[in-house]
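Some notes on the structure that comes next.
Every number here is computed from the coordinates shown, using simple stated rules; none is lab data. Everything numeric in this text was worked out from a predicted model, so none of it was measured. Cβ atoms come from the backbone with ideal geometry, glycine included; neighbour counts cover every protein chain shown.
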There are 2 protein chains.
Amino acid sequence: MSEQDIPRTDIGELGEFGLIDHLAGGFKNKRKETIKGIGDDAAVLDYGGQPVVVSTDLLIEGIHFDLMYHPLKHLGYKAVIVNLSDICAMNAIPKQVTVSIAISNRFSVEAIDELYDGIRVACEAYDIDLVGGDTTSSPSGLMISITAIGSNPMEKLAYRSGAKVGDILCVTGDLGSAYLGLQILEREKQVFLANPDMQPELSEKKYLVGRQLKPEARLEAVQYFEKSNLIPTAMIDVSDGLASDLLHICKASGVGAFVEEAQVPIHDEARMQAIEFKLDPITCALSGGEDYELLFTVDPKDLEKVRFMNSVYIIGEITPKEDGVTLHTSGGQIHPVTAQGWKHF
Amino acid sequence: MSEQDIPRTDIGELGEFGLIDHLAGGFKNKRKETIKGIGDDAAVLDYGGQPVVVSTDLLIEGIHFDLMYHPLKHLGYKAVIVNLSDICAMNAIPKQVTVSIAISNRFSVEAIDELYDGIRVACEAYDIDLVGGDTTSSPSGLMISITAIGSNPMEKLAYRSGAKVGDILCVTGDLGSAYLGLQILEREKQVFLANPDMQPELSEKKYLVGRQLKPEARLEAVQYFEKSNLIPTAMIDVSDGLASDLLHICKASGVGAFVEEAQVPIHDEARMQAIEFKLDPITCALSGGEDYELLFTVDPKDLEKVRFMNSVYIIGEITPKEDGVTLHTSGGQIHPVTAQGWKHF
């Protein structure tokens, strides 16, 4: 076969989720120790004691962060947080991380120290041990690969696949702020590039910018579930946006859902900022991503327990699959919810 | 402080091991579940059942591999193997991996399929489940980050730190071949770049090139240890070269060692190839790296068990720390063994 005959399919044609499904299709789990493999926020392994919950993420300069506005210390913090968030999304307690970095020689030891300062602050804040990693050079740019490990008794783990018709759909915190924080940082970068004497005006945008630069993992929700003896029927962290992540739950659980637009928590500053950018606030919440809030479903019998949780909002309900996944707008209309995924390619 | 005052230390000044020590210095393990953190081939965690042994490695295009001569399928295979090797080096059985990749859009879906074919072949050969990962785009090049997880009862695990004076120093397989394989591939690449009509002459170099492109993890040694009730007092995999890796054992164990040059296993083809390249074969074995053989120490009482192992060579002995780490040359001289580490920066 000559080179011209080799078929060439652009990765972009499959998209993120299509590519993952395509690649995962060739693998079957055979080990008895593997309880859950690809297809959730984390894998679940059974080594005879408490289940081992494992998740991993890659952060690439120029794709996931821009060092013009992501200070290295914040970046180190965030890199740990996004992984802890995946463990929390399984209703497990994160306990250890490994951190691998590839760095070009344009980074000084002092710069790497900044990055690791942020990693250490995150480890201390969440009581996490850094137990390993790899350090190597890169031809250009900075890459961070983190694996987080945690645990909780098997019967308490929450998968994407457990949502049942009639379950209540809930989310922690607020949505869309991290995306709007990113838009502000991008705007200020363009202003700076056009005129390096201009100083960024971020003091009034602290909340939104902070949500982008220094997200938190919702460990307190996992702790609350423990204390109140509540186990979500399904859970995922909102990393790709409410729409994508709700669709993941619905697909894995074989159900539909509706979301009440009026109930989706959007911070006042996010709402105002969206309007300033001529964006629809609900679109930012649905498709923005990087909020690292927890989206979860509970049995209606647990409704009262959810009502007592701090910063938790009931935003909808799980429905039969044939009803689809829809948004009930404040104006009384019903729109299908569609995924954005990432479009990096 | 103005920017000029910010101290700038080049990463190269610290070197690989210096940088790792520097970065790890800021972290203390506090969790009772963390038995061993940074400083060995893998971390060891105790979640109440069998210990969980975790290792992670980053492979970066242009640093660890060159796609001109590392076919994607071989690369996928090798990426898994180097991580399994770390688990074997703890005298543990590897059981799962997570695989994260970052790829630029110059790669087609078919190319990524090749990579994953190699990953799958390695998983099948070693009975490993692929349980997770991350897939993202990169601004340029290919990066692979793999985390391997395995286990063995706590009392069977072998650390770098357990070597005692009088222990016998052993190594599996042969050393230096992977490095010489790489030199052949580099030479053929230069020939090809100078004249693209020239076809590489690799058919006579299959063994050496194969050792570079398709290494294996020494799982059969771990299985033999199990069967023969032998627990190495210390173990490490030879990824950086015999010199570096022996120094790791000696430093962690607080001992010295001597290596008998005449006993170091070097394949005939490696010996001939080294001479063709005007290199000293023992230097290739000491500093070449990427052999992924196991270097281990055993109590003298276990000498007979070691003698019965296939492809295991007794190359020296552990000595008091003050004797240093030395090579007894075939010519009767004593040379200090020094580390090379990597010099990517």
Q) Can you list, shortest first in nanometers, how far A:M68 lies from the same residue in the other copies, with each label 7 Å from Cα toward Cβ? A) 3.4
**Q.** Cut-off 14 Å between beta-carbons: net charge of the residues surrounding B:R31, Lys and Arg +1, Asp and Glu -1
**A.** 0
Q) How much of the calculated P(r) for segment B:192-345 lies past 18 Å, in percent of all Cα pairs? A) 64 percent
Q. Which trypsin sites (Lys or Arg not before Pro) from segment B:163-204 combine a DSSP loop assignment with at most 15 other Cβ atoms within 10 Å?
A. B:K164
Q. Using θ = phi - 60° and the Karplus curve 6.51 cos²θ - 1.76 cosθ + 1.60, what whole-Hz ³J(HN,Hα) does each residue of segment A:95-101 get, with Gly and Pro shown as x?
A. 10, 9, 9, 10, 10, 10, 10
**Q.** Amide H contacts of A:G62 (H built 1.01 Å from N, under 5 Å, at least 5 apart or other chain)
**A.** A:L67
Q: Put a label point 7 Å from Cα along the Cβ direction on B:G210, then list its distances to the equivalent points in the other copies in nm, shortest first.
A: 6.2
Q) All other residues with a Cβ under 12 Å from the Cβ of B:E201 taken together, and with Lys, Arg as +1 and Asp, Glu as -1, what is their net charge? A) +1
Q) Once the Cα atoms of segment B:87-175 are picked out, what are the Rg and Dmax in Å? A) 17.6, 55
**Q.** In segment A:271-310, trypsin sites (Lys or Arg not before Pro) in a DSSP loop with at most 13 other beta-carbon atoms within 10 Å
**A.** A:K278
**Q.** Spatially proximal lysines relative to A:K156 (Cα-Cα < 19 Å; intrachain offsets below 8 disregarded)
**A.** A:K36, A:K95, A:K164, A:K227, A:K301, A:K305
Q. Can you pull the Kirkwood radius for chain A, inverse mean 1/r over Cα pairs, to one decimal in Å?
A. 21.2 Å
**Q.** Note, ³J(HN,Hα) from phi for segment A:306-320, Karplus 6.51, -1.76, 1.60, rounded to Hz, x at Gly and Pro
**A.** 5, 4, 7, 6, 5, 6, 10, 10, 8, 10, x, 8, 7, 10, x
Q.
Taking a cut-off of 17 Å, what percent of all Cα-Cα pairs in segment A:1-107 are separated by more than that?
A. 69 percent
Q) How do A:149-159, B:238-248, B:142-152 rank on mean C-beta neighbours within 10 Å, highest first? A) B:142-152, B:238-248, A:149-159
Q. How big is the protein assembly as shown in terms of Cα radius of gyration and Dmax, in angstroms?
A. 26.6, 91
Q. So which lysines can B:K206 reach, going by Cα to Cα under 21 Å and dropping same-chain residues fewer than 8 places off?
A. B:K73, B:K78, B:K189, B:K214, B:K278
Q. Residues of B:108-114, mean number of Cβ from any other protein chain within 10 Å of their own Cβ, rounded to a whole number?
A. 5
Q) Do the sum for the protein assembly as shown: with -39,500 (n - 2.57) for every DSSP H run of n ≥ 4, divided by all residues, what is the mean residue ellipticity at 222 nm, to the nearest 500 deg cm²/dmol? A) -10500 deg cm²/dmol
Q. In Å, what is the Rg of the alpha-carbon atoms in segment A:266-345, and how long is Dmax?
A. 15.0, 44
Q: Please list, in chain and number order, the residues 5+ apart from A:G166 or on another chain whose amide H is under 5 Å from its amide H, with Hs placed from the backbone.
A: A:I318, A:T319
Q: Summarise the partner chain shielding of B:16-24 as one whole number: the mean count of Cβ atoms from other chains within 10 Å of each residue's Cβ.
A: 4
Q: Once the label point is placed 7 Å from Cα along Cβ, list for B:E124 the distances to the corresponding points in the other copies, in nm, shortest first.
A: 5.0
